[in-house]
Amino acid sequence: MELRIDIEKQFGAFSLGADCTVEGDRIGLFGPSGSGKSTLVGLVAGLHKPDRGTILIDGEALFDSGKGINIPVEKRRIGMVFQLPHLFPHLNVKKNLLYGYKRCAPDHRKIALESVVEVLQIGHLLNRGVRNLSGGERQRVSIGRAILSNPRLLIMDEPLSGLDDSLKYSIIPFLKSVSETFRIPYLFISHSLIEMRIMTDRVLNVADGHIAGQMTAEELARTRMGESEAGYTNLLKLRFSHRLNGLQVYICGEVPLLVSGKSDLPEGLFELSSTDIILFKRHPEAISARNLLQCHVVDVFETGFRLGVELECGGERLIAEISRQAAEDLEIVTGIEIYAAIKASAFRRLG
Ligand SMILES: Nc1ncnc2c1ncn2[C@@H]1O[C@H](COP(=O)(O)OP(=O)(O)OP(=O)(O)O)[C@@H](O)[C@H]1O
């Protein structure tokens with residue numbers, strides 16, 4: 001999808017002026033609270049009318065003040081999912097799901113109820129009233145309802161913010177499989193850099209009512225690494241192997257990792273902060289950290305006052321963060337071999 005926006009909107013004291021072209025099917029909008037993300041997607045969806053400008057999807061004008069075009073919201077074919085699922089309380093799950101489908105013109109009805117129910121695994125809920133659903137189930141139903149309206153674009157405005165961590169990471173696979181199965185491009189709003197990296201490829205950085213830049217989610221994470229004490233978050237998909245001396249052995253690429261924790265689910269998404277990786281120039285004789293990985297330095301980059309060090313280790317990439325003095329002591333340059341020590345307790349399971 002290509003989204004072209006060149007609009008201005010004044011909302012009381014807040015001015016929004018956005019001018020950008022973005023291409024991709026998994027687009028993020030990232031920025032602080034009040035920067036204008038929801039206003040911007042509301043203008044795209046047709047919930048508000050720009051004061052002037054143009055909004056085009058794949059060359060087709062949804063709004064063009066010069067030509068007097070303003071496609072009404074119900075004809076834009078844009079589905080929306082919000083932080084709080086706005087389901088109809090008097091309708092059961094099936095009727096909520098079919099609401100958008102029935103309003104969609106028959107020519108555009110390409111996605112069937114059965115396939116959405118299957119992907120979102122909500123078949124057992126169809127006859128239930130929506131008041132009797134858990135938070136995660138409600139959000140799955142609201143995603144299903146949006147998909148069944150057969151939109152050309154799905155807008156998700158902080159769809160995971162109202163959920164606790166474990167629920168959030170159980171919904172993400174559904175969001176991903178929905179987008180992969182039905183191939184609907186989406187705009188995804190979040191304050192969470194981790195959600196951006198999991199859910200999006202291209203990110204619009206929104207600041208003070210304008211688009212301050214456009215980059216990949218990975219570039220955004222590296223840019224912000226030096227601004228946060230938590231550093232860069234490595235996201236690792238690990239495969240459970242076995243238990244050993246009260247710890248769990250997971251496989252990362254080709255490398256076994258010792259991880260604290262109790263779950264022995266076959267797979268897991270873990271986070272590891274760049275500040276929890278300690279680098280050694282030579283193999284240390286004995287250390288308390290349970291993981292000592294032999295790595296190659298593939299990149300060294302600036303992160304404000306410190307340096308980011310990208311490591312290759314058994315087919316996986318890790319980013320560590322060190323001071324300039326430490327980089328001098330270690331004589332770090334691209335291509336050298338180095339050892340990375342990581343405590344078993346440094347890994348945090350996300351889902
Ligand atoms: N209808 C409106 N009338 C007046 N001001 C508005 C209106 N809608 C939004 N605003 C203002 O526009 C600014 C941007 O709000 P918006 O909700 O778009 O930000 P956001 O980046 O989505 O924030 P958050 O991440 O907190 O949801 C805010 O200052 C808000 O008060």
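The values are calculated or read from the model by the stated rules, or taken from the named source; none is laboratory data. The structure displayed is predicted, hence computed values, not measured ones. Neighbour counts are summed over all protein chains in view; Cβ atoms, including those assigned to glycine, are modelled from backbone coordinates with ideal geometry. Remember, those area values only see protein heavy atoms, side chains included, never the ligands or the DNA or RNA. Shrake-Rupley method; radii C 1.70, N 1.55, O 1.52, S 1.80 Å.
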Worksheet entry | Residues being more than 16 Å from residue 208 (Cβ to Cβ) and touching a Pro at 6+ places or on another chain (Cβ under 8 Å) - total across the stretch 9-37 | 4
Item to complete: Just need a number here: residues in the stretch 38-47 that are open to solvent by 10 Å² or more (accessible area, probe 1.4 Å) and under 16 Å from residue 214 (Cβ atoms).
Response: 0
Worksheet entry | Matching residues, the stretch 151-185, being within 16 Å of the ligand (Cβ to nearest atom) and either crowded, with 20+ Cβ neighbours inside 10 Å or under 29 Å from residue 107 (Cα atoms) (or both) | 155, 156, 157, 159, 160
Discussion item. Among the residues of the stretch 31-47, are any more than 18 Å from residue 207 (Cα to Cα) and not aliphatic (A, V, I, L, M)?
Written reply: yes
Worksheet entry | Filter pass, residue 95 being more than 16 Å from the ligand (Cβ to nearest atom), surrounded by 12 or more Cβ atoms within 10 Å (Cβ to Cβ) and under 18 Å from residue 147 (Cβ atoms) | yes
Discussion item. Quick check on the stretch 213-236. Is at least one of its residues touching a residue at least 40 places away in the same chain (Cβ under 8 Å), open to solvent by 20 Å² or more (accessible area, probe 1.4 Å), within 16 Å of residue 190 (Cα to Cα) and of a type outside the set (Lys, Arg)?
Written reply: yes
Worksheet, complete the sentence: Result of the Cβ filter at 7 Å on the stretch 41-57, keeping first residues that are within 12 Å of the ligand (Cβ to nearest atom) and partners that are small (Gly, Ala, Ser), at least 6 apart or interchain, is 48/42
Practice prompt. Among the candidates 56, 16, 40, 29, single out the residue that is within 29 Å of residue 218 (Cα to Cα) and touching a His at 6+ places or on another chain (Cβ under 8 Å).
Written response: 16
Practice prompt. Name the single residue, out of those in the stretch 116-129 being surrounded by fewer than 16 Cβ atoms within 10 Å (Cβ to Cβ) and in a helix (DSSP H, G or I), that is modelled with the lowest pLDDT.
Written response: 118
Discussion item. Yes or no: the stretch 322-332 includes at least one residue that is under 14 Å from residue 274 (Cα atoms) and open to solvent by less than 50 Å² (accessible area, probe 1.4 Å).
Written reply: yes
Worksheet item: Are there any pairs with C-beta distances below 6 angstrom linking a residue in the stretch 20-35 that is at pLDDT 95 or above to a residue that is within 8 Å of the ligand (Cβ to nearest atom), with the two at least 6 apart or on different chains, and if so which?
Response: 29/37; 29/189; 29/206; 35/206
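Condition check ((1) within 29 Å of residue 161 (Cα to Cα); (2) of a type in the set (D, E, K, R)) across all residues:
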| site | (1), (2) |
| --- | --- |
| 58 | no, yes |
| 69 | no, no |
| 73 | yes, no |
| 77 | yes, yes |
| 84 | yes, no |
| 91 | yes, no |
| 95 | yes, yes |
| 100 | yes, no |
Item to complete: Answer yes or no as to whether residue 350 is under 26 Å from the mean Cα position of the chain (by Cα) and under 22 Å from residue 225 (Cα atoms).
Response: yes
Worksheet item: For the stretch 1-38, what are the residues that are touching a Lys or Arg at 6+ places or on another chain (Cβ under 7 Å) and within 7 Å of the ligand (Cβ to nearest atom)?
Response: 31
Item to complete: Mind listing just one residue for me: the one in the stretch 279-308 that is more than 30 Å from residue 168 (Cβ to Cβ), aliphatic (A, V, I, L, M) and surrounded by 18 or more Cβ atoms within 10 Å (Cβ to Cβ) and, of those, farthest from the chain's Cα centre (by Cα)?
Response: 279
